[in-house]
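The values are calculated or read from the model by the stated rules, or taken from the named source; none is laboratory data. Computed from a predicted structure; not experimentally measured. Heads up, the Cβs are rebuilt from the backbone with ideal geometry, glycines too, and the neighbour counts pull from every protein chain shown.
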Amino acid sequence: MEKVINNESINKGEHLKNFRYKDERLVILNKLFKLLNMTEENKKFTAWDVSDSVSDELEKMLPDIRKYFAISKWFCLKKNDKCAKSLSTIKHIFKDMKLKVNSYTKKIKVDGISKSCTFYEITTK
């Protein structure tokens with residue numbers, strides 16, 4: 001599997017799981033990048049990209065996420081809205097991996113109708 005982000009670009013965290021499961025956490029991070037169609041050059045996704053299929057794949061990854069990440073303070077896992085839960089979980093994983101999630105809202109035209117969309121850009125801290 002191709003790594004989108006390597007070990008050198010991620011700062012080490014303070015939690016023990018950050019050290020113990022470094023490789024497993026990178027595998028999950030790279031799966032997220034693939035699910036969101038992000039590459040090394042294009043580290044952006046929209047709220048619309050977090051579709052039902054992405055949410056379903058994220059649900060399948062939850063046992064591993066629980067094992068490799070310190071999720072005790074992630075209240076997003078208790079949300080009822082599937083897409084909101086998935087989007088929050090994705091942002092928490094990026095944050096836990098010491099990546100910064102910048103968000104901005106932009107109006108775009110879809111089928112001639114102006115709609116507001118939230119974009120997320122991932123950068124290293």
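Quick rundown of the values:
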item	result
Residues located in the range 73-87, provided they are in a loop (DSSP other than H, G, I, E, B) and either more than 20 Å from L16 (Cα to Cα) or in contact with a Ser or Thr (Cβ under 6 Å, 6 or more places away or on another chain) (or both)	K79, N80, D81
Residues located in the range 32-72, provided they are assigned to a helix (DSSP H, G or I), out of contact with any helix residue (DSSP H, G or I) (no Cβ under 9 Å at 6 or more places or on another chain) and either buried (at least 18 other Cβ atoms within 10 Å of the Cβ) or not aromatic (F, W, Y) (or both)	F33, K34, K60, P63
Candidate set from the range 34-53 (those that are hydrophobic (A, V, I, L, M, F, W, C) and modelled with pLDDT under 90); member that is farthest from the chain's Cα centre (by Cα)	W48
